[in-house]
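Visitor: Sharing a structure with you now.
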Amino acid sequence: MSWSMTITLLLVFMLTISLPAAANTAVDFDSDAYRTMIAKSLMNLGNNKRIKEVIRKAENGEDVTIAFIGGSITEGAGANPAPLNCYAYQTYLGFKEMFGSGDGSNVHFVKAGVGGTPSQLGVIRYERDVIRSGTVEPDLVVVEFAVNDWDDETKGVAYESLVLKILEAENNPAVILLFSVFENDWNLQDRLAPVGWHYNLPMVSIKNAVVPQFRLSREQGNVITKQQFFADIYHPTNDGHRVMTDCLMYLFSEIARSPEDEYDIDLDKAPVIGSAFKDIILLDRKENFDVAEISPGAFSMTDRDVQRAMFDRGVSIPLFPNNWMRSPDSGSESFKMKINSKSLMLVFKDSWNPQFGKAEVYVDGELVLTADPHIINWTHCHPVLLYQEDEARLHEIEIKMAPGDEDKYFTILGFGYVL
């Protein structure tokens with residue numbers, strides 16, 4: 001989350017005229033009013049054929065994997081302890097209790113939420129963080145980027161590309177689109193939901209469930225207050241994560257009792273926003289580096305202080321550890337790369353550290369970007385699009401420190417390319 005976005009949301013929050021808070025009583029999760037609120041989250045039941053198959057496999061004792069990809073809410077922010085009380089893990093537990101065979105050990109869990117990052121980064125890291133470089137075949141993937149894609153420069157193309165990347169896998173995984181919400185009642189479901197409607201995917205809107213009742217008193221029908229739902233202006237409390245879990249479980253229960261659709265979803269159609277990045281591939285020091293001719297120059301070091309995320313059951317891992325870092329002592333030689341591709345994204349490190357400076361990025365000799373690690377100003381992975389063309393051709397990339405920042409550090413975390 002950028003500093004400018006933080007200030008904007010704080011101002012919106014402070015300017016919001018709030019009605020008197022409902023009595024600070026515990027949320028009644030067993031009430032009819034609560035169940036009615038949860039039901040409002042079902043934005044689209046969607047084509048159920050793929051999820052029906054996942055349920056059938058789970059009930060028959062076959063191994064199934066439930067995966068989650070998104071931002072900090074998917075990572076577990078706001079929950080305490082996050083690994084156990086986040087909506088992703090609780091939904092996994094609910095699914096295996098409802099559909100798993102025996103003790104449910106045939107149902108497996110993958111969580112790949114990364115704080116402050118959009119689907120533009122998600123589509124780059126999907127194979128590494130969800131498929132785990134070919135070692136995992138998720139049967140069902142929940143996609144949660146409705147509050148992270150505000151600064152997605154592709155305006156939804158990366159999001160639809162990610163959805164198609166998942167749907168087109170050989171094992172035909174199911175996809176659920178999940179739209180979380182901020183405390184100021186904002187999310188991007190109006191931009192992203194057309195993807196779900198286009199492919200008739202199941203969609204769950206937390207916004208639709210909780211926002212209408214936030215301004216009501218208990219007497220008027222309030223079920224959960226903002227103070228109970230949110231730990232801060234972005235992230236849910238344990239109660240909020242419980243609501244998100246129950247919304248997803250309601251979808252599963254509705255699908256379980258519905259007749260199975262005869263035909264699978266139709267992917268043989270033009271995208272509604274765009275699919276330019278569905279075949280994007282991660283490139284760093286370890287992954288696919290042999291597809292490009294790289295001369296790191298002064299960017300020869302490895303940055304160990306990179307953003308980390310809590311995956312799965314709370315394992316904190318470094319993101320993009322196989323990077324290229326330039327230090328003031330490593331010289332002035334540029335990072336140079338030749339690559340044959342039609343699209344290329346750069347992922348660089350944002351940092352709070354004043355020792356990091358700006359770098360200029362050139363494509364075929366033309367300055368296309370001055371990458372500033374202090375726009376967001378915390379240790380963070382920042383994807384930017386360098387070019388997007390219809391046909392692949394050879395491009396030459398050069399990255400060097402911006403004038404005046406020659407005594408600073410800069411870290412290239414990796415690239416995403418489309419052949």
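Visitor: Restricting to region 72-95, name every residue that is crowded, with 18+ Cβ neighbours inside 10 Å and assigned to a loop (DSSP other than H, G, I, E, B).
Guide: G76, A77, G78, A79, C86 - these are the residues of region 72-95 that are crowded, with 18+ Cβ neighbours inside 10 Å and assigned to a loop (DSSP other than H, G, I, E, B).
Visitor: Checking P373 against (1) part of a strand (DSSP E or B); (2) of a type outside the set (A, V, I, L, M); (3) in contact with a strand residue (DSSP E or B) (Cβ under 6 Å, 6 or more places away or on another chain), which test does it fail?
Guide: Of everything listed in (1) part of a strand (DSSP E or B); (2) of a type outside the set (A, V, I, L, M); (3) in contact with a strand residue (DSSP E or B) (Cβ under 6 Å, 6 or more places away or on another chain), P373 misses just condition (1).
Visitor: Among the strands (runs of 3 or more DSSP E) lying completely within region 118-206, list those that include at least 3 residues that are in the same structural domain as C86 (by TED's automatic domain parsing) and free of Cβ contacts under 8 Å to residues at least 12 places away in the same chain.
Guide: In region 118-206, no matching strands (runs of 3 or more DSSP E) lie anywhere.
Visitor: Taking the criterion of being over 24 Å from G100 (Cβ atoms) and among the charged types (D, E, K, R), would at least one residue in region 240-250 satisfy it?
Guide: no
Visitor: Continuing with the same structure: Among the residues in region 98-113, are any without any contact (Cβ under 8 Å) to a residue 60 or more places away in the chain, among the acidic types (D, E) and closer than 14 Å to F252 by Cβ?
Guide: Looking for residues that are without any contact (Cβ under 8 Å) to a residue 60 or more places away in the chain, among the acidic types (D, E) and closer than 14 Å to F252 by Cβ, one finds none in region 98-113, hence no.
Visitor: Then there is this: Is it fair to say V147 is of a type outside the set (D, E), in contact with a strand residue (DSSP E or B) (Cβ under 6 Å, 6 or more places away or on another chain) and buried (at least 18 other Cβ atoms within 10 Å of the Cβ)?
Guide: Against the criterion (of a type outside the set (D, E), in contact with a strand residue (DSSP E or B) (Cβ under 6 Å, 6 or more places away or on another chain) and buried (at least 18 other Cβ atoms within 10 Å of the Cβ)), V147 does not qualify.
Visitor: Among the residues of region 287-304, which ones are among the charged types (D, E, K, R), surrounded by fewer than 14 Cβ atoms within 10 Å (Cβ to Cβ) and outside any strand (DSSP E or B)?
Guide: D290, R304
Visitor: Against the definition (of a type in the set (A, V, I, L, M), in contact with a helix residue (DSSP H, G or I) (Cβ under 9 Å, 6 or more places away or on another chain) and farther than 25 Å from L385 by Cβ), how does M310 come out, yes or no?
Guide: yes
Visitor: Okay, next question. Any idea which of M98, M43 is outside any strand (DSSP E or B), at pLDDT 95 or above, out of contact with any Asp or Glu (no Cβ under 9 Å at 6 or more places or on another chain) and of a type in the set (A, V, I, L, M, F, W, C)?
Guide: Of M98, M43, the one residue that is outside any strand (DSSP E or B), at pLDDT 95 or above, out of contact with any Asp or Glu (no Cβ under 9 Å at 6 or more places or on another chain) and of a type in the set (A, V, I, L, M, F, W, C) is M98.
Visitor: Taking the condition of being under 23 Å from H380 (Cβ atoms) and of a type in the set (D, E, K, R), how many residues in region 303-341 meet it?
Guide: 6
The values are calculated or read from the model by the stated rules, or taken from the named source; none is laboratory data. Note that this is a predicted model, so its numbers are computed, not measured. For neighbour counting, all protein chains shown are included, and Cβ atoms are generated from backbone atoms with ideal geometry for every residue, glycine included.
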